[in-house]
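Read through the structure below, which is laid out as structure tokens, and then see the notes.
The values are calculated or read from the model by the stated rules, or taken from the named source; none is laboratory data. These numbers were taken from a predicted model, which means no experiment stands behind them. Reconstructed Cβ throughout: ideal geometry from the backbone, glycine too, with neighbour counts over all protein chains shown.
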Amino acid sequence: MKHSSPPSFAHRLDFRDSGGPYPLIGAGDALPYLTYNSSGSARVLLVADHASPFFPAAMNQLGLEDWVIDRHVTWDIGSNQLTEYLADLLDAPAILAGFSRLIVDPNRKLDDPTAFVQVSDGISIPGNLALNAEQKALRVQSFFAPYHGAIARRLDEFRAGGTVPVLISVHTCTPVFAEFVRPWHIGVMWDKDPRIAVPLMENLRKVEDVCFGDNEPYSGRHSHDFTIDHHAESAGLAHVGIEVRQDLVRDNDGARKWAGILAAALQDILADEALYCRLDETSSLGHGG
């Protein structure tokens, strides 16, 4: 018997026929992206690259056993709920990927070997071991391009309305990696633009019993940060990447709690009108250290 969807995805099981130009997606399969709170009033777009463990039925889970599907190699556990709660609290629209990162990783450049990863966390991915250029192109057409197209269109809608928007990317990470216990509850990822990251860390520093990482456990300066680099950094949009430890947000209560902590820490930052302009239009901004 094939993998059944986790309980947190029960509300996503009634998919309409895709009806779109997605050659690898069939009727009843998850669409390549999901929109949430589309009419939100905030001048902020939340994105979640790894918010889904779904594979189209015809892809047969890339040959993976069921036990792999709920692991971090397949998706960022809890990031779907965390993103949606944060969208509610900020009244911001959100776009969430509707497919597993193992099909194609939407947070990688397509020429990066990990875009179509063959081995992840010591687990071989059978369906990725002998991909040819045509097979990769079909995955890009069905998943990667529609997801990033949706993000680009939403950002364009902001700009068409006279708004320079903000982009916040939401991820979750494992509590232990390579036998190292990660102490951080929240990671703040950034590179050259400090406008959100630096005050966010200042606000998190004031929250009792919250441990945050400055470019930990992952760095915003690493090349494995395509979504922010492509949509925000290249356009001078204020942005930040956020990682929350998965053990904290695996259930609704945890996701709600940590979305509340993040929303409270972001509230005064996002209220600053000076944030809503291109980086090259601001003055006296330093680079990340």
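Below are the figures for this structure:
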| read-out | value |
| --- | --- |
| Some residue of the range 47-55 being modelled with pLDDT of 95 or more, among the polar types (S, T, N, Q) and crowded, with 22+ Cβ neighbours inside 10 Å | yes |
| Residues (surrounded by 19 or more Cβ atoms within 10 Å (Cβ to Cβ) and within 17 Å of TYR147 (Cα to Cα)) located in the range 222-237 | ASP225, PHE226, THR227, ILE228, HIS231, ALA232 |
| Hits in the range 200-216 (condition: under 15 Å from SER169 (Cβ atoms) and either among the charged types (D, E, K, R) or outside any helix (DSSP H, G or I) (or both)) | ASN215 |
| Residues satisfying the stated conditions in the range 186-197, i.e. part of a loop (DSSP other than H, G, I, E, B) and crowded, with 21+ Cβ neighbours inside 10 Å | TRP190, ASP193, ARG195, ILE196 |
| Criterion violated by VAL104 - all others in (1) within 19 Å of the chain's Cα centre (by Cα); (2) surrounded by fewer than 22 Cβ atoms within 10 Å (Cβ to Cβ) satisfied | (2) |
| Residue check, SER142 over 17 Å from the mean Cα position of the chain (by Cα), at pLDDT below 95 and hydroxyl-bearing (Ser, Thr, Tyr) | no |
| Of all residues making up the range 189-244, the number that are free of Cβ contacts under 8 Å to residues at least 24 places away in the same chain and aliphatic (A, V, I, L, M) | 2 |
